[in-house]
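> Here it is, the structure in full.
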Amino acid sequence: MQVYKLIFKRSLDVFVAILGLVVLSPVLIVITVLLYFTTSGKPFFLQLRPGINGRIFKIIKFRSMNEKKDKKGDLLPDSMRLTSIGAFIRRTSLDEVPQLINVLKGDMSLVGPRPLLPAYLPLYNKEQRRRHEVKPGITGWAQVNGRNAISWQKKFEYDVWYVDHLSFALDMRIVCFTIYKVFKRDGVSANGEATMQAFKGN
């Protein structure tokens with residue numbers, strides 16, 4: 001496991017990221033153009049996220065929501081800001097594809113715990129914090145076991161389990177399950193939410 005974790009996993013990440021960007025480039029161009037006209041010229045969503053050991057990096061995604069605000073100047077709920085094309089790319093997980101750039105940069109891996117918000121860092125208990133012992137991933141064990149439709153507690157349990165059992169065989173299993181889940185469009189959101197409710201601590 002250590003040889004795979006320290007050497008081969010990174011090589012596989014780079015190879016698949018380059019291949020994915022090349023193969024999907026026509027689709028990425030079309031989505032970028034469509035989002036440009038539906039998101040006021042801002043097709044990409046950049047946000048700070050904690051990576052391995054809590055190191056902060058800037059994640060890259062396609063923008064699936066507009067920036068409409070209420071009378072007080074606060075952003076409307078996610079479900080009210082989700083655009084039609086945004087809903088489509090989220091259902092098909094195409095909004096995640098630009099993160100292949102993060103993989104090339106070394107911020108992320110293809111497989112690992114999903115990078116969450118920096119505001120959550122002080123809310124984790126000691127066990128939950130272990131999810132940052134490996135690089136975050138585009139997909140992960142929690143993603144293929146419910147994604148946004150499971151509880152935060154269960155999500156963190158899956159993340160830590162992955163950290164303890166990381167291997168080439170497990171990563172390939174997760175990739176295969178991810179492809180299946182994408183076509184099935186399973187677990188994209190929690191009940192009544194566009195994505196998932198914010199984590200508020202234990």
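The values are calculated or read from the model by the stated rules, or taken from the named source; none is laboratory data. This is a predicted model, so every value here is computed, not measured. Note: ideal-geometry Cβ built from the backbone for every residue, glycine included; neighbour counts use all protein chains shown.
> Restricting to the range 41-58, what's the tally of residues that are at positive phi and surrounded by 11 or more Cβ atoms within 10 Å (Cβ to Cβ)?
Of the range 41-58, the ones at positive phi are 41, 53-54.
Narrowing further to those that are surrounded by 11 or more Cβ atoms within 10 Å (Cβ to Cβ): 54.
Residues meeting the conditions: 1.
> I'd like to verify a number: residues in the range 59-89 that are in contact with a strand residue (DSSP E or B) (Cβ under 8 Å, 6 or more places away or on another chain) and either over 30 Å from Asn125 (Cβ atoms) or exposed (fewer than 13 other Cβ atoms within 10 Å of the Cβ) (or both), how many? Give the steps one after another, and end with the answer.
As a first pass, look at the range 59-89 and keep what is in contact with a strand residue (DSSP E or B) (Cβ under 8 Å, 6 or more places away or on another chain): 59-65, 67-69, 75-76, 78, 81-83, 86, 89.
Still in the list and also either over 30 Å from Asn125 (Cβ atoms) or exposed (fewer than 13 other Cβ atoms within 10 Å of the Cβ) (or both): 62-65, 67-69, 76, 81-83, 86, 89.
Counting residues in the range 59-89 that are in contact with a strand residue (DSSP E or B) (Cβ under 8 Å, 6 or more places away or on another chain) and either over 30 Å from Asn125 (Cβ atoms) or exposed (fewer than 13 other Cβ atoms within 10 Å of the Cβ) (or both) gives 13.
> Let me ask something else. The conditions are (1) touching a strand residue (DSSP E or B) at 6+ places or on another chain (Cβ under 9 Å); (2) surrounded by 16 or more Cβ atoms within 10 Å (Cβ to Cβ); (3) within 27 Å of Leu19 (Cβ to Cβ), and Ile101 fails exactly one of them. Which is it?
Only one criterion in (1) touching a strand residue (DSSP E or B) at 6+ places or on another chain (Cβ under 9 Å); (2) surrounded by 16 or more Cβ atoms within 10 Å (Cβ to Cβ); (3) within 27 Å of Leu19 (Cβ to Cβ) is unmet by Ile101, namely (2).
> While we're looking at this one, here's another question. crowded, with 20+ Cβ neighbours inside 10 Å and either in contact (Cβ under 8 Å) with a residue 12 or more places away in the chain or under 24 Å from Ile31 (Cα atoms) (or both): is that true of Gly106 in this structure? Full working, then the answer.
Values: crowded, with 20+ Cβ neighbours inside 10 Å: no; either in contact (Cβ under 8 Å) with a residue 12 or more places away in the chain or under 24 Å from Ile31 (Cα atoms) (or both): yes.
No; evaluated as a whole, the condition is false for this residue.
> Now for a separate question. Tally the residues that are in a strand (DSSP E or B) and without any contact (Cβ under 8 Å) to a residue 60 or more places away in the chain, restricting the search to the range 53-103.
At the first step, the residues of the range 53-103 found to be in a strand (DSSP E or B) are 56-62, 65, 69, 75, 82.
Remaining after also requiring without any contact (Cβ under 8 Å) to a residue 60 or more places away in the chain: 57-62, 69, 75.
Going through the range 53-103 one residue at a time, the tally reaches 8.
> Within the group Ala194, Ala190, which residue is in contact with a strand residue (DSSP E or B) (Cβ under 7 Å, 6 or more places away or on another chain), at pLDDT below 95 and under 27 Å from Lys42 (Cα atoms)?
Numbers: Ala190 fails: in contact with a strand residue (DSSP E or B) (Cβ under 7 Å, 6 or more places away or on another chain).
Within the list Ala194, Ala190, the selection yields Ala194.
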